[in-house]
1. Take the stretch 111-132 and flag every residue that is closer than 16 Å to residue 171 by Cα, touching a helix residue (DSSP H, G or I) at 6+ places or on another chain (Cβ under 7 Å) and more than 8 Å from the ligand (Cβ to nearest atom).
2. With respect to residue 171, is the statement that it is within 11 Å of the ligand (Cβ to nearest atom), part of a helix (DSSP H, G or I) and under 20 Å from residue 5 (Cα atoms) true?
3. Listed residues 50, 102; which is closer than 22 Å to residue 193 by Cβ and either polar (S, T, N, Q) or out of contact with any Cys (no Cβ under 8 Å at 6 or more places or on another chain) (or both)?
4. State which residue pairs qualify: first residue at pLDDT 95 or above and inside the stretch 174-193, second residue open to solvent by 50 Å² or more (accessible area, probe 1.4 Å) in any location, beta carbons under 6 Å apart, and separation of 6 or more residues or different chains.
5. Let me confirm something: among 23, 49, 74, which residue is small (Gly, Ala, Ser) and without any contact (Cβ under 8 Å) to a residue 24 or more places away in the chain?
6. Taking the stretch 48-91, which residues are within 24 Å of residue 185 (Cα to Cα) and within 16 Å of the ligand (Cβ to nearest atom)?
7. Suppose we filter 184, 177 for residues that are away from the ligand (no atom under 12 Å from the Cβ), open to solvent by less than 60 Å² (accessible area, probe 1.4 Å) and either part of a loop (DSSP other than H, G, I, E, B) or not small (Gly, Ala, Ser) (or both); which single one remains?
8. For the stretch 132-159, give me each residue that is part of a loop (DSSP other than H, G, I, E, B) and surrounded by fewer than 17 Cβ atoms within 10 Å (Cβ to Cβ).
Amino acid sequence: MRIVVLVSGTGSNLQAVIDAVKAGELDVEIAAVGADREGTYGVERSAAAGIPTFVVDFKAYPDRTDWNAALARAVAAYSPDVVVSSGFMRIVSPDFIDAFNGRYLNTHPALLPAFPGAHGVRDAMAYGVKVTGCTVHWADAGVDTGPIIAQEAVAIEDADTEETLHERIKVVERRLLVSTLAALAADPEYSAA
Ligand code: GAR
């Protein structure tokens, strides 16, 4: 299974995938890593791992349609079976998702459909839920919507800050992303029971 991973920031989930592939625990080929802006640590760490990288800078395009088309071209050049949005903080167009036959995977730091959007951890804390978690799902053109593949719960502790909770979620999220990719590589129709 060939994957292209899209990042907007740190890329610690991506690093978990890189490490699992290197360790022989995950049978996927990371064909390339792309970002929506220059200077992300996600691209830097991929280049350090010898993975091809590209940037389709959102701000370099006159509008979202042109940017989406350029992103689709850049990703398609690597012929991925699955495109992974791993902390990629931009919404892509339905055309983009169609171009990859709907195989656009996203991870989110909350138990969707609760708390979608850019602040899933903060929103869960603000609501006062006692349990949140992370979700791996097939993304559609909405904000963190689309069929859920796997989820795992994480308890919120009284002493948690957004940072401590997000870090605990990410520990689970990294494992869930790697195990979901492994399951999809073995069975393209995989969905957790
Ligand atoms: C992850 O927790 C991911 O779920 C979240 O951004 C973080 C990226 O971390 N994505 C979203 O909130 C998307 N709505 P990373 O760059 O260290 O992998």
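The values are calculated or read from the model by the stated rules, or taken from the named source; none is laboratory data. Fair warning: this is a prediction, and the values are worked out from it, not measured in the lab. Please note: Cβ atoms are built from the backbone with ideal geometry, for glycine as well, and neighbour counts cover all protein chains shown. Just the protein is used for accessible areas: all its heavy atoms, side chains included, with ligands, DNA and RNA removed. Shrake-Rupley method; radii C 1.70, N 1.55, O 1.52, S 1.80 Å.
1. 132
2. yes
3. Only one candidate qualifies: 102.
4. Here the result reads 176/152; 183/190; 184/190; 185/1; 185/27, each pair linking the stretch 174-193 to a residue that is open to solvent by 50 Å² or more (accessible area, probe 1.4 Å).
5. Just a single option satisfies the conditions, and that option is 23.
6. 49, 51, 53, 83, 84, 85, 86, 87, 88, listed by residue number.
7. It is 184.
8. 140, 141, 142, 143, 145, 147, 157, 158, 159
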